Each structure stands twice: as structure tokens, then as C-alpha cells.
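The values are calculated or read from the model by the stated rules, or taken from the named source; none is laboratory data. As the structure is a computational prediction, the values presented were derived from the model and not from experiment. Backbone-built Cβ (ideal geometry, glycine too); neighbour counts: all protein chains shown.
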Amino acid sequence: MSTLFLMAFLASFPAAIAGLINPRWVLPKFVKNPTRKLATQVYAVGGGFSLLFAMWIAITTTTPAADITATNSSSSQTVPAAAPAVAPKAIASPTPSPIAVIKTIGVSRAAIQSTFEKPEVGFTFETSSSRDGLPVAIGKSPDGETEMRLVGQPENLSRASLNLFILPNNQRANEINALYSAGFIGLAIPGWDGMSWLDESLSRIAKGETEISTVQSGKVVTIIFTREIGLMEISIDPEG
């Protein structure tokens, strides 16, 4: 049964994304005032319900840097009492330490954030700093249950992640989370049809796996599922 749900989701996903761009592409002609919200709701009911409930059906039937302190020692030099009168030698400058190169995923913050901030999606973002000093934008869904983190310089992110919950008794939330997941992957890795991989990953999670990853366009895509609380994290990191 879960396979049928997943097939239905794959069929409706392209229409849902098209509806966010131009609702007239996907809504019937007799709809006089097509809106993105209406298009999203129409295809979320079919697509989102199919994906999340397929995963939930399968999963519920399965059993379940240290801080380093560097100590610099100072050296002393004894000057002879009677130094010969010679021309002073030039003191060689110390070789500068190599600058660490921060790898990126080749996607700007705006490419993802601007879509999720649209009124029909409703995320709100705040900026702060991560532990390593990089800027981070933290986005929250309207109900506050889904969180997105966009880490790195705004013009080229170093990491992007989406945390959401699989809720067995909340159909509407599961439908919306399905669209969040699909949209996030599509925006973070343009040109990659990640839905087949997501389909396969959900099947493997249902069989007991908790961490699955793949490499696409120089980016590592990882799903980590915490079965005890139903939390799923989808992250995008630079390869290597």
C-alpha cells in the first residue's frame, strides 16, 4: 500500500511546484481567480498525503570538537657583552599560516529563503552566528514545528538543513512537510530530481536504517531519522 501512495506523490509533485510558479498552469480553466495558495492546497492534498503517509505506514510497521588550547612558549636570546660591530642582518619574516578554505554548496541563501518566505509558504527567518563564526539564517514554519538552517555567507552557503517531524495523527502537517522536503531539495540542488532517491530512502528507513546519504553535483545529501521522536533531518553539505 505504501508503494501506491509514493507513486501518487511522484505524479503530483511536478504539478505542485508548477502551481507555486504559475497557478494557471495547473488549475482548471473554470477557476476564475487562480492563486498559488489554491494550487498548493489542491496538489498538497494528493502529493503530500501520499508521501508522508506512505512513509508513516511503512515505519510504524517496523521494529524499531573538543576544545584544543594551544600554548605558545616564548624563547629568549642572550646577547654577548661585547658584540662585534657588524652590519645588522635582515630578520626573515615568519611564513604565514595557510588560510583555511571554507567549502560551499554553490547556492545562495536568497535562492532558498526567498521561496520559503512567500506568504503561501510562510516561513520566518532570523540571522545569528554559528559556533565557527559563520552567519546562519534560521527559518521557522508557521506552526513552529519545522526548522531550516542556512549556514554560511549569503552569496554562497556552506550548509543547508531541514528538520521536520513525522506526525502519525496530523494529516495536514504531514502534507505540508512533504512539500517542504521536496521544495528544499529542489532549491538546494537545482537540476537534480531527488524524488526517486527520497522514495528509496524512505523505504530503507522503514526497514530500520537511520542514516542514508548520496552525493549529487559535488554535494552530500543526508537523511538522519531519529525513530524515538519521529524527527527527520535532511542536510546538504559540500563534498569532501
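Residues satisfying the criterion are absent from region 198-205 (criterion: modelled with pLDDT under 95 and part of a loop (DSSP other than H, G, I, E, B)).
Within region 129-172, the residues that satisfy the criterion of being surrounded by 15 or more Cβ atoms within 10 Å (Cβ to Cβ) and of a type in the set (Asp, Glu) are Glu145, Glu147.
Gly194 meets the stated requirement of being surrounded by 15 or more Cβ atoms within 10 Å (Cβ to Cβ) and among the small types (Gly, Ala, Ser). When residues in region 196-229 are screened for being in contact with a Leu (Cβ under 7 Å, 6 or more places away or on another chain) and farther than 16 Å from Ile185 by Cβ, 0 of them pass. The condition of being at pLDDT 90 or above and either over 16 Å from the mean Cα position of the chain (by Cα) or surrounded by 13 or more Cβ atoms within 10 Å (Cβ to Cβ) (or both) holds for only one of Ile212, Ile176, that being Ile212. A single entry from Glu126, Glu120, Glu155, Glu147 fulfils the requirement of being under 12 Å from the mean Cα position of the chain (by Cα) and among the acidic types (Asp, Glu): Glu147. Among the candidates Ser128, Ser114, Ser158, the residue that is out of contact with any Lys or Arg (no Cβ under 9 Å at 6 or more places or on another chain) and in a strand (DSSP E or B) is uniquely Ser128.
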